[in-house]
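Reading through the structure tokens given below for one structure.
Every read-out reported here was derived from the displayed coordinates using simple, explicitly stated rules and does not represent laboratory data. From a predicted model like this one, the values you see are computed outputs, not experimental measurements. All Cβ positions, even for glycine, are placed from backbone atoms using ideal geometry, and neighbour counts span all protein chains on display.
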Amino acid sequence: MTKKTKLIAAIALALATQSAMAAFEFGGYLRSGSGSSSKGGGSTCYQMNGDSALGAGDIDRAGRLGQECDTYGELKFGASMGESQGTKFGIHTLVAYGTQQVTDWEQSVPAWREDYATAEGFGTGAFQKATVWAGKRYYNRKDVHIIDTFWLQVTGPGAGIENIDVGIGKFSYANMRSEAAGYVAPTTPGNADLQNLLRATTAAAPTTQMVNHDFRLEGINIGAAGSLGLGANYVYDNSNGAPHADGWSAWANQSMVIGTVQNGLILQVAHGEGSLDGGGLPWWGSNNNHDAWRVLDAANFEFGDHINGQAFFGYGKEKFAWYQNERTSTAIVVRPVYHFDELYSLAVELGHVQVAGTAGDIGNGADPTATTNYLDKVTIAPQISMGSGFYARPVLRAYYTMANWNKGGAAAYTGRDLGVGVPTFNNQTSGSSYGVQMEAWW
């Protein structure tokens with residue numbers, strides 16, 4: 001055997017050994033499609049106008065079915081690295097990207113959303129199944145699928161320990177630290193949307209930082225009422241030279257099964273720099289008069305062998321110093337799905353969202369005489385999916401959407417995160433759109 005052959009064999013053996021030690025993990029999420037509207041053009045979606053802030057307004061959505069006009073994906077790569085003295089080590093990464101969904105070659109600036117490591121089972125007793133972690137991550141986010149909203153969203157760089165067995169439940173603590181993001185300035189003259197579409201971030205000023213202490217106690221058995229989760233966040237700015245500001249938020253989540261219905265009831269409150277989703281408000285010193293609360297209810301249901309789906313109700317209030325009145329949000333969305341068999345199904349989604357407050361608070365260009373804005377939407381979607389469960393994916397669907405709203409209360413949008421207005425719907429109060437979409441996660 002020549003020296004070159006021996007070297008190649010040694011490299012191959014080393015790679016094979018490393019591969020055996022590290023069990024590779026791959027997951028992700030994808031969506032994409034195409035469509036048009038009653039006024040022509042490309043994919044068109046409808047949403048409320050105005051500032052949704054980071055609290056009660058997060059529920060200002062009439063349902064996501066037929067309302068996603070972008071291409072978006074997340075690719076997750078990880079590895080179980082092995083064990084040492086009974087402690088299991090792992091690494092986890094996730095890259096996200098999105099495009100405008102308008103043509104073949106669309107450049108995307110990817111974002112590394114997760115890069116963290118874990119050590120599980122590093123102790124005895126209460127710590128026997130606990131996990132310590134450090135890095136950047138989506139920290140156990142919790143969402144309502146049919147409105148595409150994370151009601152608990154503490155993300156970014158940090159460290160913590162989770163799943164400590166304290167008898168009545170599992171306790172977790174995380175310390176998250178993030179700066180207010182700085183964006184690369186637009187490079188195309190007159191294109192004010194460019195930096196938002198690319199989202200190429202630079203480091204924020206090193207003197208600004210928000211510190212978030214996240215406390216959770218979950219899996220509390222409450223008998224016939226199911227299980228209970230409790231959480232609280234204490235948030236403060238750690239800025240050098242900026243006015244000190246702090247705040248807090250808290251939540252309770254009751255989960256129970258009633259026959260063939262899985263129901264989750266969520267109560268949330270926030271004050272000061274605290275936001276209802278737990279992540280905090282990165283506007284230093286300006287939120288002392290901020291107060292918000294909301295109640296959410298999300299239910300997965302299944303009736304017989306052919307019908308399943310999800311329903312959502314949300315109601316909340318939010319007050320900032322610059323709002324003349326409290327901003328009140330109400331949303332009702334339901335998506336039943338009829339499955340003809342394991343492959344073919346028909347989904348129907350109905351949604352109503354309403355925002356009350358003064359016109360100047362709730363929408364740019366809103367009717368000055370209006371105190372309430374609304375958006376109603378219905379989508380019909382024949383589907384073909386890999387299984388008959390509500391969350392069975394991949395799914396390929398055609399859809400037709402009809403929407404109506406009050407003047408200035410909502411409008412038509414397209415593109416990544418619905419960031420581009422569709423001018424042909426200006427001054428309109430109704431619209432329809434149609435198209436095809438795929439959605440997958442694994």
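When each of the peptides 337-348, 256-267, 67-78 is scored by how many other beta carbons lie within 10 Å of its residues on average, the order from highest to lowest is 67-78, 337-348, 256-267. Ranked for footprinting exposure by Cβ neighbours inside 10 Å, fewest first, 172, 34, 43 give 34, 172, 43. Over 23 Å apart at the Cα level, from the set 39/377; 136/319; 170/319; 142/407; 319/377, are 136/319; 170/319; 142/407; 319/377. The stretch 369-435 and the stretch 325-345 have Cα centres separated by 12 Å.
Put in order of Cβ neighbour count within 10 Å, fewest first, the listed residues 105, 251, 293 become 105, 293, 251. Computed from the Cα positions only, the extents of the stretch 370-435 along the three principal axes stand at 45, 22, 17 Å, in decreasing order. In the frame of its principal axes, the stretch 29-139 has Cα extents of 65, 37, 20 Å, reported largest first. Taking the average, over residues, of other Cβ atoms within 10 Å as the packing measure, peptides 114-122, 327-335, 434-442 rank 327-335, 114-122, 434-442 from highest down. Kirkwood's formula applied to the C-alpha pairs of the stretch 256-318 gives a hydrodynamic radius of 13.8 angstrom.
Think of each Lys and Arg Cβ as +1 and each Asp and Glu Cβ as -1; about the Cα centre, that makes the dipole of the stretch 23-441 roughly 100 debye.
Inverting the pair-averaged 1/r between distinct Cα atoms of the stretch 23-441 gives 23.0 Å as its Kirkwood hydrodynamic radius.
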